[in-house]
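Since the structure comes first, as structure tokens, the remarks are kept for the end.
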Amino acid sequence: MTGAGGASPRLAQMQPSHGGMAGARRGTFWALLVPVVVFLGVFLIVPLVMMAALSTRADLSGPLLAPWTPTLTHYVALAETPTYVRLLLISAGIAVLVAALTTLLAYPLAYFLAIRAGRRAAVLLILLLVPFWTSYLLRVMAWKLMLGEEGVINSVLLGTGLVAHPLEALLYSRFAVTVTLTYVWIPFAALPMVAALQRVHPAVLDAAADLYATPSQQFQHVTLPLSMPGVIAAFFLVFIPTVGEYVTPLMVGGTGGTMYGNVIQDFFTKAANWPFGSMLSIVMLVATLAVAVLALRAVDVRRFVEP
């Protein structure tokens, strides 16, 4: 029995203390954080550090982990060879173009899935992800068949009389690389924009309508600004890996569609010059991160997400 102002001793024993709850939260936090940190450290940070260190090695004579005298010879050679820098700039330009086209084409799709699809959104989202179930190489090969001299596009153009001879520029060119990469990345780019558009509360649009905003004004002044974080995320989701892309240019680009990643691959495989290939990789990584940081500082994403 307890007094009128007291509490049951048994009930007090059953209630967890604040210190115990805080300790449980900390334990859960570290249990979730440590595996992620270890995974990223082993499979991301350590390889990058090894690549950066390897780029300061003159050659691969001797064991891989044997002591060596660091040198910047490869970086000096890059500065004296404008071809590699020019190819990096071309690859960055292609990546910007692909990212812009992909984001532009994926936005209406994301808008429909998030706002207009209704109960069909889940089924349509699954259909959007269906290409992921097919091999990446098979999807690229499909475009190789479509863009070839005897492919679907040339067959239609010849059959309709729009051209007299097959268009050779469709395949093994930077045009083919751009078209194929845009197709490949559209489903990826749509996902962050769907997530951003789903956060736009219908009440906000209703309030804009109550203020006599037309549908186009609602989209321009409400929907688009609120979804801008997803648009920016989609752009960089496509831009960053496209700069170093080498599989697609190898299959549909040929010599006319060579990108910076193909040169890196050649130094690691054909030339067996790992130090120079590592140097090219580090330069590409630093340049890509610099572009991303400068772009984010210029755009100032916080003004889209802060109330």
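The values are calculated or read from the model by the stated rules, or taken from the named source; none is laboratory data. Keep in mind that what you see is a predicted model, and the values were worked out from it rather than measured. Note that we place each Cβ from the backbone using ideal geometry, even for glycine, and neighbour counts take in every protein chain shown.
Things worth noting here:
- Summed over the range 78-92, the residues that are exposed (fewer than 14 other Cβ atoms within 10 Å of the Cβ) and touching a residue at least 40 places away in the same chain (Cβ under 8 Å) give a count of 0.
- Where LEU48 falls short, out of the listed (1) hydrophobic (A, V, I, L, M, F, W, C); (2) touching a residue at least 12 places away in the same chain (Cβ under 8 Å); (3) assigned by TED's automatic domain parsing to the domain that holds PHE267: (3)
- Residue tally, condition in contact (Cβ under 8 Å) with a residue 12 or more places away in the chain and farther than 17 Å from THR182 by Cβ, over the range 137-169: 9
Let's see how each residue does on (1) under 22 Å from the mean Cα position of the chain (by Cα); (2) surrounded by fewer than 16 Cβ atoms within 10 Å (Cβ to Cβ); (3) not hydroxyl-bearing (Ser, Thr, Tyr):
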| residue | (1), (2), (3) |
| --- | --- |
| PHE219 | no, no, yes |
| PRO249 | yes, no, yes |
| ALA295 | yes, yes, yes |
| ALA298 | yes, yes, yes |
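- Applying the criterion of being within 30 Å of GLU168 (Cα to Cα) and either assigned to a helix (DSSP H, G or I) or β-branched (Val, Ile, Thr) (or both) to the residues of the range 265-278, the residue that is nearest to the chain's Cα centre (by Cα) is GLN265.
- Residues in the range 61-77 that are among the hydroxyl-bearing types (Ser, Thr, Tyr) and either loosely packed, with under 10 Cβ neighbours inside 10 Å or not in a helix (DSSP H, G or I) (or both): SER61, THR69, THR71.
- Among residues of the range 93-108, those that are surrounded by fewer than 18 Cβ atoms within 10 Å (Cβ to Cβ) and either within 18 Å of ARG199 (Cα to Cα) or hydroxyl-bearing (Ser, Thr, Tyr) (or both), counted: 1
- The single condition among (1) within 22 Å of LYS144 (Cβ to Cβ); (2) out of contact with any Pro (no Cβ under 9 Å at 6 or more places or on another chain); (3) part of a helix (DSSP H, G or I); (4) modelled with pLDDT of 90 or more that ASN262 does not satisfy is (2).
- Selection of the range 189-217 for residues being crowded, with 17+ Cβ neighbours inside 10 Å and part of a helix (DSSP H, G or I) yields ALA189, ALA190, LEU191, PRO192, MET193, VAL194, ALA196, LEU197, LEU205, ALA208.
- The condition (being among the hydrophobic types (A, V, I, L, M, F, W, C), touching a residue at least 60 places away in the same chain (Cβ under 8 Å) and under 27 Å from VAL46 (Cβ atoms)) is satisfied by just one residue among VAL263, VAL286, VAL299, VAL252: VAL263.
- Test result for ALA164, small (Gly, Ala, Ser) and either assigned to a helix (DSSP H, G or I) or not assigned by TED's automatic domain parsing to the domain that holds MET259 (or both): no
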